[in-house]
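No lab work stands behind these numbers, since they all come straight from the coordinates. Every value quoted in this text rests on a predicted model; they were computed, and no experiment measured them. Cβ sites come from the backbone with ideal geometry, for glycine too, and all protein chains shown count toward neighbours.
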Amino acid sequence: MLPYSAAPAASPLSGNWLVVGSLSNFGPTFPQGQSQSPFNLVVSLDVTGGKVTGYASTAFICTNSGVGGVGELVTASIGTDGSFELQPPVLGTGMPTVTFDVRGVVPQTVGGTWSGTYTATDTNTGCTSTSGAFTAVPIMPVTGTYAATGTLSSQGSNGSTPVTITATFQQGAIGVPSTSTKVNGQNILNGNIAVQGSPCFSSGTINPMEGAVLGSFVQAQYTMNDGLQLSVFGSIRDASVSTIELVSLLVSGGQCDKESGFFDTSLVRQ
């Protein structure tokens, strides 16, 4: 049983948004090939008390390098005219080199788009600042049943085990406050997983507060029926979330400790 009930959107701005670039040509942390835009930005937003909080995933394609990541957004106030500004926090030296500033206006209706302007900079060699106008596209919640078949293998092992997984996700919940943690009432992810083929486990449940949608990045930490932990990392690939590209599955504990796999395998909505 899921620990929270599904939450209604608190604001037309709440939810997942493709702001700049394309979902289909870059991964959640680093670019995977040339994209249509040198800068890609996806955000998961929550709005409470006239303030916007959330997380963003970015990818910056440069001449000699490319860098991306997932990070928190600075809490932003919504003006009386509906305007707001999204930025990553200033974290000091040694932190990710990509910075951006997005200015937009809250959509008038639920499911409506919103527009604005952006600037983005990457201080790495070969990177040129970019700016422009955008119209943000809504991304459906990561809610539903998904299935994939792949393999799991131990480090240094020459063999692998074919495994089929079926994951049921529910994004959004009542009673999760907007805080500095990775989850809030909009981006929290709950659900269960069924596994066929593993000699160690057959089912599991996402740990409370350990599943989240962070821009285009999806992560879930499960406690499995044998007590071990299963970490699942993936990337949203289209606005309807018909597929989630798995970055990896990683097992921690038990007889299958350190098994991993499912690299570049897609979870497909059933």
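Given Cα pairs under 8 Å that are at least 6 residues apart, what percent is the relative contact order of the range 57-145?
23 percent
Please get the size of the charge dipole for the range 144-269, origin at its Cα centre, with Cβ charges of +1 on Lys and Arg and -1 on Asp and Glu, quoted in debye to the nearest 20.
Here the size comes out at about 180 debye.
Can you tell me which of 58-64, 222-228 comes out highest on packing, and rank the rest after it, using the mean Cβ neighbours within 10 Å?
58-64, 222-228
Enumerate the calculated ³J(HN,Hα) couplings along the range 262-270 in order (Karplus 6.51 cos²θ - 1.76 cosθ + 1.60, θ = phi - 60°), each rounded to whole Hz, writing x wherever the residue is Gly or Pro.
Computed from phi, the couplings for the range 262-270 are 6, 5, 6, 9, 9, 6, 10, 5, 8 Hz.
Over the range 144-269, what lengths in whole Å, largest first, do the semi-axes of the equivalent ellipsoid take, defined as the square roots of 5 times the eigenvalues of the alpha-carbon gyration tensor?
Ellipsoid semi-axes (Å, largest first): 25, 16, 12.
Below 15 angstrom from the Cβ of V251, what's the summed charge of the other residues (Lys, Arg +1; Asp, Glu -1)?
-2
Students often get this wrong, so try it: which of (1) 22; (2) 25; (3) 48 is percent of Cα pairs over 33 Å apart as calculated from the structure shown?
Identified label for the calculated read-out: (1).
Roughly how many nanometres apart are two label points built 7 Å out from the Cα toward the Cβ at V137 and S252?
3.5 nm
For G68, which sequence-distant residues (separation of 5 or more, or a different chain) have an amide H within less than 5 Å of its own amide H, given hydrogens modelled in the peptide plane?
So G68 has HN proximity to F60.
About its Cα centre, how strong a charge dipole does the chain have in debye, to the nearest 20, once Lys and Arg get +1 and Asp and Glu get -1 at the Cβ?
180 debye
Using the charge dipole of the chain (Lys, Arg: +1 at Cβ; Asp, Glu: -1 at Cβ; taken about the Cα centre), state which of G253, P177, N64 has its Cα farthest towards the positive end.
Result: P177.
Taking springs between alpha-carbon atoms closer than 10 angstrom, which of G234, G254, G204 fluctuates most in the Gaussian network model of the chain?
Most flexible of the set in this elastic network: G254.
Would you please put 131-140, 186-195 in order of how densely packed they are, using the mean number of other Cβ atoms within 10 angstrom per residue and starting with the highest?
In descending order of packing, they fall as 186-195, 131-140.
Karplus couplings for the range 163-173 from phi (6.51 cos²θ - 1.76 cosθ + 1.60, θ = phi - 60°), rounded to Hz, Gly and Pro as x?
Values per residue, Gly and Pro as x: 9, 10, 10, 10, 10, 10, 10, 9, 9, x, 7 Hz.
Charges on Cβ only, +1 for Lys and Arg, -1 for Asp and Glu, centred on the Cα centroid of the chain; of T121, V90, Q186, which one is farthest towards the dipole's positive end?
Q186
Whole angstrom only: what separates the Cα centroid of the range 97-145 from the Cα centroid of the range 183-203?
What the calculation gives is 29 Å, centre to centre.
Could you work out the relative contact order of the chain, using alpha carbon pairs under 8 angstrom and six or more residues apart, expressed as a whole percent?
Result for the chain is 17 percent.
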